[in-house]
Amino acid sequence: MKKNCFSAADILLPKKNVEKWSVIACDQYTSEPEYWEEVEKNVGEEPSALNIILPEVYLEKADDQKIDKINNTMKQYLSSNVFQEFENSMVYIERVQSDGKVRHGLLGKIDLTCYDYHKGTDASVRATEETVLERIPPRVRIRRDAVLEMPHIMLLIDDPDGTVIEPLAKNKDEMQLLYKFSLMQNGGEIEGRRLSDNAMETVDSALEALYERCNGLLFCVGDGNHSLATAKACYELNPNEKSRYALVEVVNIHDEALEFEPIYRVVFGVDPEEMIEKIVADCGGIYNGEDAQKFTCIYGDTQREISLKPGAKLCVGTLQASLDRLLKGTDAVIDYIHGEESLKKLCRNENTVGFLFPGMEKSELFPAVLNDGSLPRKTFSMGHADDKRFYLEARVIK
């Protein structure tokens, strides 16, 4: 087995109407159904990735009939000539983000036997933060009978010298252009080019060399860890050569366009001021020492800064641990929100409180995973919500 665990894949792309086909990752806008309603209007009756995913805003309402419809639509798309297949391929991707910066990526497949989300593992592909086991079974229900997968998984490499992906940008005009278009709903622009055989060999060699320098940790999961964990669970349920792999996009953590954004917390179904006081008491009271961790509580038009003694390395870890203790056994609901404005909008609702806090530096990620095993769940997001990976490429998994 190759040390880098990453290889070319048989990739499916829609033959036409890619603008309507490609939609944002299912775990975005989970508290904003109006976003997904607008996507549905944009798609209309055209073939679309929207029809073969389940946006997580609807996950709790998913039933067997809905999942069967998704799986049947996959089969229909395969049999009705929707796709063109590019065998044994890798795709170099340039994504123009909402801030105008270009993020560079490389699409291929990862060997799931090299991935382990458990804390303390020595696998070459590791989760960056705690995996919530309860989130896996509902996703397994969706994937276990699916004949296709589409990736919103992004893996990070720690490649400060730019040896793997960056050389592709210099030679992209020599590659076959697969797609270039504007993504819907303020998603920016995307371009994908198929690597030549020589380019794939160069990538493979560069990853092998990077593995020798990485202390055993070649890939950290930047986005889509629960999707990758679901793929692993489905492979273990039905081991075969197709289910053994998952499509992913690899990005260099040192890419200048890649920025880490905090993932904020919103709690629904509580009295905001009472919730804040409970957190303060749970964490030992207000603390103003030099090492104090500060975050802002938002409810209605009120913003209140709280300062606590560290209970974890990161502020989000201290807050999350407290929320876990306080919300256990209650009817309150917590959600994880990308973007300050989205949080403030939600916090205009009654009985709702949100929490803003500083993010982590991306240079802290690989050392933290190597030293601590993982970070608190939902610690960071790579960029703004609109810059998340869109579904576009697909692969047969059954």
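The values are calculated or read from the model by the stated rules, or taken from the named source; none is laboratory data. Source: prediction; values computed, not measured. Backbone-built Cβ (ideal geometry, glycine too); neighbour counts: all protein chains shown. Surface areas here come from the heavy atoms of the whole protein model, side chains and all, with no ligands, DNA or RNA. Shrake-Rupley method; radii C 1.70, N 1.55, O 1.52, S 1.80 Å.
Rundown of residues vs (1) surrounded by 13 or more Cβ atoms within 10 Å (Cβ to Cβ); (2) more than 27 Å from ALA229 (Cβ to Cβ); (3) of a type in the set (A, V, I, L, M, F, W, C); (4) under 17 Å from the mean Cα position of the chain (by Cα), yes/no style:
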| position | (1), (2), (3), (4) |
| --- | --- |
| LYS61 | no, no, no, no |
| VAL82 | yes, yes, yes, no |
| MET90 | yes, no, yes, no |
| GLU94 | yes, yes, no, no |
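Going by what's in this entry, would SER227 be described as among the hydroxyl-bearing types (Ser, Thr, Tyr) and within 16 Å of the chain's Cα centre (by Cα)? So SER227 fits the description; yes. Screening the stretch 133-181 for residues that are part of a helix (DSSP H, G or I) and acidic (Asp, Glu) and picking the one that is nearest to ASP223 (Cα to Cα) gives GLU134.
Per the conditions (1) of a type in the set (A, V, I, L, M, F, W, C); (2) at pLDDT 90 or above; (3) open to solvent by less than 10 Å² (accessible area, probe 1.4 Å); (4) within 28 Å of GLU274 (Cα to Cα), the sole criterion not satisfied by ALA394 is (4). Candidates are the residues of the stretch 141-177 that are of a type in the set (Val, Ile, Thr) and under 18 Å from the mean Cα position of the chain (by Cα); the one that is nearest to GLU208 (Cα to Cα) is ILE157. Could you say whether any residue in the stretch 359-366 is assigned to a helix (DSSP H, G or I), hydrophobic (A, V, I, L, M, F, W, C), within 23 Å of the chain's Cα centre (by Cα) and farther than 13 Å from ARG265 by Cα? Yes; the residues of the stretch 359-366 include at least one that is assigned to a helix (DSSP H, G or I), hydrophobic (A, V, I, L, M, F, W, C), within 23 Å of the chain's Cα centre (by Cα) and farther than 13 Å from ARG265 by Cα. Here THR163 does not fit the description of being among the hydroxyl-bearing types (Ser, Thr, Tyr), within 21 Å of ALA368 (Cβ to Cβ) and either in contact with a Cys (Cβ under 8 Å, 6 or more places away or on another chain) or buried (at least 16 other Cβ atoms within 10 Å of the Cβ) (or both).
Conditions (1) open to solvent by 20 Å² or more (accessible area, probe 1.4 Å); (2) assigned to a strand (DSSP E or B), marked per residue:
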{"site": "ASN198", "(1), (2)": "yes, no"}
{"site": "ASP204", "(1), (2)": "yes, no"}
{"site": "ALA233", "(1), (2)": "yes, no"}
{"site": "VAL251", "(1), (2)": "no, yes"}
{"site": "MET275", "(1), (2)": "no, no"}
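Out of the residues in the stretch 112-132 meeting the condition of being in a loop (DSSP other than H, G, I, E, B) and hydroxyl-bearing (Ser, Thr, Tyr), tell me which one is surrounded by the fewest Cβ atoms within 10 Å (Cβ to Cβ). Only one residue tops the list, namely THR121. Residue check: GLU189 meets all listed conditions (1) under 20 Å from the mean Cα position of the chain (by Cα); (2) open to solvent by less than 50 Å² (accessible area, probe 1.4 Å) but one, namely (2).
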